[in-house]
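What follows is a single structure, written as structure tokens, with notes after it.
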Amino acid sequence: MTSQLVLRLASAAALLALAAAAPALAAPGDKALADVQALSADALQGRAPGTPGSALARAYILKRFGEIGLAPIGAGFERPFVFSTRDGTQADGINLIARIPGAAKGGKAMVISAHYDHLGVRGGEIFNGADDNASGVAGLLAVAEAFKAHPPRHDVILAVVDAEESGLSGARAFVANPPVPLSSIALDVNFDMLSKNPKNELYVSGVSAFPALKPILDAVAAKAPVSLKQGHDTDADGKQNNWTDQSDHYAFAEKRVPWVYFGVEDHPEYHKPTDDFATIPQDFFKRSVATVIAASQALEQGLDSLTVATTTP
Ligand SMILES: [Zn+2]
């Protein structure tokens, strides 16, 4: 038996265990919680790019793509790429890309992005990254499910990207070799850390750069089950509080694709081994998921007005 085969069998066994641990539940919030639990399990070893744990994460996400009924763009969901790590060595990453076709043909598309990688194992400790960013992937899957139930007018592209933690590499690979022309993407909606805030606050960044988003997001905030706050997109409170270049949406910004980002403020578990499923406040996370579903649907419905507003000089 080759070591390759042993590895594959071990992965299959671990995946079956994962599937058993995360039964399909009725409510979207419960499903999202089960997704976070599965993606932040110790078996996935912190989902560092190129590791067996990363492959297990992809297998789980692809299983969920299948359950939701998502279709790839072209031959398959997996889009491999090569990137330079922070120490300059070359490494392999894999993005997972799907599309929900819009009812109106030939218009603009909206991308939903979330990174599935995290920091792996460091100093013998597993960095499970439950909030960062199993929560964002779970949110993306919940949004995909909502768009399958209530089909969008525009194409919605789901981009579950790798290697964010090593310099937004998966998102940069996406925009460097996009599955559809970049000029057809009206907006990137990025999720990174949706699950933890003691003040019931979820932030949405990008309104300062794209004021056309404001009326749409004001209307979402008025009905949202969390306090949906706009901000963290200028240097007004110091450079470190400006999130414009802090996650995958920045790769889109660099290519002049409008973006909007949903996430919580940093918390004590941020980039710590304690960022585990057990430390996620479940009620807040469910409210956060409901909020990003409503926001994504509203942004998709308003996509044409955004296109006009953001391309006018
Ligand atoms: Zn992150």
Quiz item: Taking the stretch 96-125 as the search range and keeping residues that are within 16 Å of GLY46 (Cβ to Cβ) and charged (D, E, K, R), which one is farthest from the ligand (Cβ to nearest atom)?
Solution: GLU125
Self-check item: Only one of ASP192, ASP237 that is over 25 Å from THR274 (Cα atoms) and not β-branched (Val, Ile, Thr)
Solution: ASP237
Practice problem: Could you identify the single residue in LYS148, LYS196 that is within 16 Å of the ligand (Cβ to nearest atom) and over 18 Å from HIS249 (Cα atoms)? | Solution: LYS196
Quiz item: Which one is nearest to the ligand (Cβ to nearest atom) among residues in the stretch 223-243 that are under 13 Å from ALA209 (Cα atoms), in contact (Cβ under 8 Å) with a residue 12 or more places away in the chain and more than 16 Å from the chain's Cα centre (by Cα)?
Solution: HIS232
Quiz item: When only residues in the stretch 90-125 that are of a type in the set (Lys, Arg) and part of a strand (DSSP E or B) count, which is farthest from VAL264 (Cα to Cα)?
Solution: ARG99
Quiz item: Does GLY93 qualify as being within 14 Å of the ligand (Cβ to nearest atom) and either on the phi < 0 side of the Ramachandran plot or not hydrophobic (A, V, I, L, M, F, W, C) (or both)?
Solution: no
Exercise. Would you check which residues across the stretch 174-190 are of a type in the set (A, V, I, L, M, F, W, C) and surrounded by 18 or more Cβ atoms within 10 Å (Cβ to Cβ) and list them?
Key: PHE174, VAL175, ILE185, ALA186, LEU187, VAL189
Exercise. From the list ALA43, ALA48, pick out the single residue that is in contact with a His (Cβ under 9 Å, 6 or more places away or on another chain), modelled with pLDDT of 95 or more and within 30 Å of PHE284 (Cβ to Cβ).
Key: ALA48
Self-check item: LEU213 being in contact (Cβ under 8 Å) with a residue 40 or more places away in the chain, crowded, with 17+ Cβ neighbours inside 10 Å and away from the ligand (no atom under 16 Å from the Cβ)
Solution: yes
Exercise. Identify, from the list ALA159, ALA71, the residue that is modelled with pLDDT of 95 or more and surrounded by 15 or more Cβ atoms within 10 Å (Cβ to Cβ).
Key: ALA159
Quiz prompt | Candidates SER166, SER184, SER208 - the one that is within 16 Å of the ligand (Cβ to nearest atom) and out of contact with any Leu (no Cβ under 7 Å at 6 or more places or on another chain) | solution = SER166
Quiz item: Of the residues that make up the stretch 174-181, is at least one more than 16 Å from the ligand (Cβ to nearest atom), modelled with pLDDT of 95 or more, of a type outside the set (A, V, I, L, M, F, W, C) and under 18 Å from ASP304 (Cβ atoms)?
Solution: yes
Practice problem: Please work out if ALA159 is within 16 Å of the ligand (Cβ to nearest atom), within 17 Å of ALA253 (Cα to Cα) and touching a Leu at 6+ places or on another chain (Cβ under 9 Å). | Solution: yes
Quiz item: Any idea which of ASN128, ASN133 is within 16 Å of the ligand (Cβ to nearest atom), surrounded by 23 or more Cβ atoms within 10 Å (Cβ to Cβ), within 19 Å of SER169 (Cα to Cα) and not small (Gly, Ala, Ser)?
Solution: ASN133
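The values are calculated or read from the model by the stated rules, or taken from the named source; none is laboratory data. Model, not experiment: these values are computed from the prediction. So basically every Cβ, Gly included, is an ideal-geometry build from the backbone, and we count neighbours across all protein chains shown.
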